[in-house]
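Report on the following structure.
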Amino acid sequence: TPPGTLDDWSKPLDPMSQIVTTGAVVLSVEIPLARKIAAIAVAGWRPDGDIHVGLIEYLPVEQVLARQLELAGKHTLHTIRRGPEPKAGKKDERRLLPAIIIDPTSPAGMLAEPLRKAGYDPVLMTTTEVAASCARLQDGLSAGTTWHRASAAVDVAIEGAVRRDIGDGNWAFGRKKSAAASVDVAPI
């Protein structure tokens, strides 16, 4: 199982947790292997400087692109630098992309091109970045710096998720292994 438990997820529960209303957000989308539904999530800074994460919506996959575009149009998106690190003394020419996050190895990868056509160049996470985001979530929950509101869909996913090892000590929520155990990890 992934590090952490449903109890770890429940500790930083704050029913009043919210992102600063004028703050930038990160949106992400995940589609389970069955490709029938999709999950849209958000992360951003709280007024106290901690992080708020949450499931925005769990909806039919045919509605996810329109909803993702609607949300991206309503909110200021964080920007993320992409490309090779500049060499010492050289200008940083990496691209700044709006933070619509997609794991291109997941079924959500199919949204990359439609998002580009709509004017958003999504951030396509590498496997290393997926593992780093799982570690960051685990660390934030443990340190009490990442908060969320209650979500039954996320609780079910956290409780039944199966770990996927990545490299030497890194991990992610295993999409295939969890699905084989009849658990959809998309809400996470």
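The values are calculated or read from the model by the stated rules, or taken from the named source; none is laboratory data. Small disclaimer: the values here were computed from a predicted structure and weren't measured. For neighbour counting, all protein chains shown are included, and Cβ atoms are generated from backbone atoms with ideal geometry for every residue, glycine included. Only protein heavy atoms, including side chains, enter the accessible area calculation; ligands, DNA and RNA are left aside. Shrake-Rupley method; radii C 1.70, N 1.55, O 1.52, S 1.80 Å.
Key figures
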{"item": "The range 170-188: number of residues that are open to solvent by 60 Å² or more (accessible area, probe 1.4 Å) and in a loop (DSSP other than H, G, I, E, B)", "result": "1"}
{"item": "Qualifying residue in the range 57-75 (condition: of a type in the set (V, I, T) and in contact (Cβ under 8 Å) with a residue 60 or more places away in the chain)", "result": "no"}
{"item": "Residue satisfying all of: in the range 90-104; in a loop (DSSP other than H, G, I, E, B) and open to solvent by 20 Å² or more (accessible area, probe 1.4 Å); modelled with the highest pLDDT among these", "result": "P104"}
{"item": "Identity of the residue in the range 40-61, open to solvent by 40 Å² or more (accessible area, probe 1.4 Å) and of a type outside the set (V, I, T), that ends up farthest from P122 (Cα to Cα)", "result": "D48"}
{"item": "Positions within the range 105-153 being surrounded by fewer than 15 Cβ atoms within 10 Å (Cβ to Cβ) and either part of a strand (DSSP E or B) or at positive phi (or both), in sequence order", "result": "G119, G144"}
{"item": "Qualifying residue in the range 8-21 (condition: surrounded by 14 or more Cβ atoms within 10 Å (Cβ to Cβ) and closer than 19 Å to P114 by Cα)", "result": "no"}
{"item": "Filter result for the condition that a residue is of a type outside the set (F, W, Y) and either touching a Phe, Trp or Tyr at 6+ places or on another chain (Cβ under 8 Å) or within 22 Å of V61 (Cα to Cα) (or both), over A157, A150", "result": "A157"}
{"item": "Unmet requirement for V64, which otherwise passes all of (1) open to solvent by less than 20 Å² (accessible area, probe 1.4 Å); (2) closer than 25 Å to K176 by Cα; (3) modelled with pLDDT under 95", "result": "(3)"}
